[in-house]
Amino acid sequence: MDSTDPSGAPVVPGTAPEGLGVAVDTLARFIHRAPLTEAIAALEHSLDGADAAQAVLAADAGGVDAGLLTSALTVRESLGRINDLIHASGILLALPHVLEDDETISRRPSLGAGNDPSRPYDLETNRRVAEFKLARWRGADAMRKRQVFKDLTMLAADRSGRCADLFVIGPEPVRFLRTSAATAAWALDRSPGALRTFESAFGSPTMPIREFTATHAAHVRITDLCDILPGSVTCLLR
């Protein structure tokens, strides 16, 4: 069943509902009351031991009603691929600082989050191959660790003779790649294609990540995008 926007109009996936602005405003007002994590935690505490009548009171006190849920659904339907927009915008803003004189993009870039099999790298030029990771690490980052190591593996395996660059956010990805004792097998256990590439190019995946980074991937330049992107952006990423 299609959801509806706050004005009652149906939300059709792939379209921008007329009520999107209203929905965003509704969510903004809710989040302005308290950070989302704190708001949800407070709701959880208020529901401990509650009966039906008290649940109604908890929702009312917490600012939760049908309009809030409708707004959240509207925003999710309209902005579900927001990570693609972040990824694309980050690459576009970085390019003027990354591309060197006489360097040109040689293949249509992969601006969306995730790679098209026909375009194995986010960026290919006549001089380099590059991957961009726009996620900010927050502490529980197992999936991000796997993804950044997968990108490092594919960049290190490139045999075109071009430079290889991995662009990340903050010091945490660099620290992980250079110090982790976890194995390549662990990092690639959910990426069978990259695991096959690793075994073909570098041998046994029992190798620690830090060893791989220091040897087979030593030529891959790892750059913090916070040193490249505008200050108005990096202040939200640090």
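For the range 121-143, which positions are modelled with pLDDT of 90 or more, assigned to a loop (DSSP other than H, G, I, E, B) and more than 14 Å from VAL168 (Cα to Cα)?
TYR121, ASN126, ARG127
Identify the single condition in (1) surrounded by 14 or more Cβ atoms within 10 Å (Cβ to Cβ); (2) on the phi < 0 side of the Ramachandran plot that GLY63 does not satisfy, given that it satisfies every other one.
It is condition (2) that GLY63 fails.
So ARG146 fits all but one of (1) over 28 Å from ARG127 (Cβ atoms); (2) in contact with a helix residue (DSSP H, G or I) (Cβ under 7 Å, 6 or more places away or on another chain); (3) modelled with pLDDT of 95 or more; (4) surrounded by fewer than 16 Cβ atoms within 10 Å (Cβ to Cβ); what number is the exception?
Of the numbered conditions (1) over 28 Å from ARG127 (Cβ atoms); (2) in contact with a helix residue (DSSP H, G or I) (Cβ under 7 Å, 6 or more places away or on another chain); (3) modelled with pLDDT of 95 or more; (4) surrounded by fewer than 16 Cβ atoms within 10 Å (Cβ to Cβ), the odd one out for ARG146 is (4).
All but one of (1) open to solvent by less than 30 Å² (accessible area, probe 1.4 Å); (2) free of Cβ contacts under 8 Å to residues at least 24 places away in the same chain; (3) part of a helix (DSSP H, G or I) hold for SER110, so report the exception by its number.
Every listed condition holds for SER110 apart from (3).
Does ALA181 fit the bill of being closer than 14 Å to LYS150 by Cβ and either aliphatic (A, V, I, L, M) or not in a helix (DSSP H, G or I) (or both)?
The answer is no for ALA181.
What are the residue pairs meeting all of these: first residue in the range 185-199, first residue closer than 12 Å to ALA157 by Cα, second residue of a type in the set (Gly, Ala, Ser) and outside any loop (DSSP other than H, G, I, E, B), Cβ atoms under 7 Å, and 6 or more apart or on different chains?
These pairs meet every condition: THR197/ALA157; PHE198/ALA184.
Would you say ALA182 is open to solvent by 30 Å² or more (accessible area, probe 1.4 Å) and either under 21 Å from the mean Cα position of the chain (by Cα) or farther than 30 Å from THR104 by Cβ (or both)?
The answer is yes for ALA182.
Among the residues in the range 159-171, are any crowded, with 17+ Cβ neighbours inside 10 Å, touching a helix residue (DSSP H, G or I) at 6+ places or on another chain (Cβ under 9 Å), in contact (Cβ under 8 Å) with a residue 12 or more places away in the chain and more than 21 Å from ASP227 (Cα to Cα)?
no
Quick check, is PRO205 surrounded by 14 or more Cβ atoms within 10 Å (Cβ to Cβ), of a type outside the set (A, V, I, L, M) and modelled with pLDDT of 95 or more?
yes
SER78 - would you say it is under 24 Å from VAL24 (Cβ atoms), under 13 Å from the mean Cα position of the chain (by Cα), surrounded by 14 or more Cβ atoms within 10 Å (Cβ to Cβ) and hydroxyl-bearing (Ser, Thr, Tyr)?
No: the conditions fail for SER78.
What number of residues in the range 185-211 are touching a Ser or Thr at 6+ places or on another chain (Cβ under 9 Å) and within 20 Å of TYR121 (Cα to Cα)?
Of the residues in that region, 9 qualify.
The values are calculated or read from the model by the stated rules, or taken from the named source; none is laboratory data. These figures come from a predicted structure and were not determined experimentally. Don't worry about glycine lacking a Cβ; one is built from the backbone with ideal geometry, like all the others, and counts go over all protein chains shown. Only protein heavy atoms, including side chains, enter the accessible area calculation; ligands, DNA and RNA are left aside. Shrake-Rupley method; radii C 1.70, N 1.55, O 1.52, S 1.80 Å.
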